[in-house]
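Inspection log for the structure reproduced underneath, given as structure tokens.
Values in this text are rule-based calculations from the coordinates and carry no lab data. Just so it is clear, the model here is predicted, and its values are computed rather than measured. Counting neighbours? That spans all protein chains shown, and the Cβs are built from the backbone with ideal geometry, glycine included.
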Amino acid sequence: MKRAARFLLFAKHITSNPVSIAFQGRWPSVATTLARIKVNGGYKAVVGILQRFESAVMIGGVIGGLRREHPDMIVAVIHDALLVKPGDEETARAVISRVRQRWGATPWIKVG
């Protein structure tokens, strides 16, 4: 699955191989958008767009929400993850859930 995702995102063009056809059938608007990005900015432009989206969700959405609602909470961002003190997990989870609803993204939450 990871290999297929990398191919779809980072191949120079979306082609007519079975993976691309299945992707286009399941998510036609995403496939069209990826194709447009690649035509206009090259396949490397996809990386920048995904990084900016991740940053907007994590920094702008989650961290921004935590700073506004819980300014004394200690939180660190590690790439696409949060590190919080024991006992603050539910607070972070609640903010992540609200951001998820706004963006339509499903975060992976691991406590440990």
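Among the residues in region 81-103, are any among the aromatic types (Phe, Trp, Tyr) and farther than 30 Å from Asn17 by Cα? Yes, region 81-103 has at least one match. Residues that are part of a helix (DSSP H, G or I), under 21 Å from Thr91 (Cβ atoms), touching a residue at least 40 places away in the same chain (Cβ under 8 Å) and of a type in the set (Gly, Ala, Ser) occur in region 58-71; there is at least one. Apart from one condition, Lys12 fits all of (1) of a type in the set (D, E, K, R); (2) exposed (fewer than 13 other Cβ atoms within 10 Å of the Cβ); (3) in a helix (DSSP H, G or I); the exception is (3). Looking across Arg102, Arg93, one residue alone is part of a helix (DSSP H, G or I), under 17 Å from the mean Cα position of the chain (by Cα) and touching a residue at least 40 places away in the same chain (Cβ under 8 Å). It is Arg102.
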